[in-house]
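Chemist: Provided herewith is a single structure, encoded as structure tokens, for subsequent inquiry.
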Amino acid sequence: MSGPIVSVIIPVFNRQEYIRQTVQSVLEQDFFDFELIVVDDRSTDDTWQIISSMADWDQRIITLLRPVYLQKGANPCRNYGLQHAKGEFIKWLDSDDLLAK
């Protein structure tokens, strides 16, 4: 297998106050063979800038912007993230959740 074992998928919309801590909780795991896919539902705050800057310093973070042809909402973003996932297993996480070690 050439991809990561786990794909963590987070749909996000206007969560600039939470997304940094959510992403950090994933990055601080003891398990390292994962990719973190964050799908922005076209936020109107600084969410996209925050996740993009975090992706600049950790190659496990993949940022996607929901295409305009997809319906707005968390589930279309989850499905879009799933289409890009390379992991054998999927972990769903919401944008205001913290992932315990």
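The values are calculated or read from the model by the stated rules, or taken from the named source; none is laboratory data. Just so we're clear, the structure is a prediction, and the values are computed from it rather than from any experiment. A quick note on method: Cβ atoms are made from the backbone with ideal geometry, for glycine too, and the neighbour counts reach across all protein chains shown.
Chemist: Looking at region 77-90 only, could you name the residues that are surrounded by 16 or more Cβ atoms within 10 Å (Cβ to Cβ) and touching a residue at least 60 places away in the same chain (Cβ under 8 Å)?
Modeler: Cys77, Arg78, Gly81, Ala85, Gly87
Chemist: May I ask you to verify whether Leu70 is at pLDDT 95 or above and within 15 Å of Leu99 (Cα to Cα)?
Modeler: Answer is no for this residue.
Chemist: Further, regarding this structure: Any chance region 63-72 includes a residue that's surrounded by fewer than 13 Cβ atoms within 10 Å (Cβ to Cβ) and in contact with an Asp or Glu (Cβ under 9 Å, 6 or more places away or on another chain)?
Modeler: Yes, some residue in region 63-72 is surrounded by fewer than 13 Cβ atoms within 10 Å (Cβ to Cβ) and in contact with an Asp or Glu (Cβ under 9 Å, 6 or more places away or on another chain).
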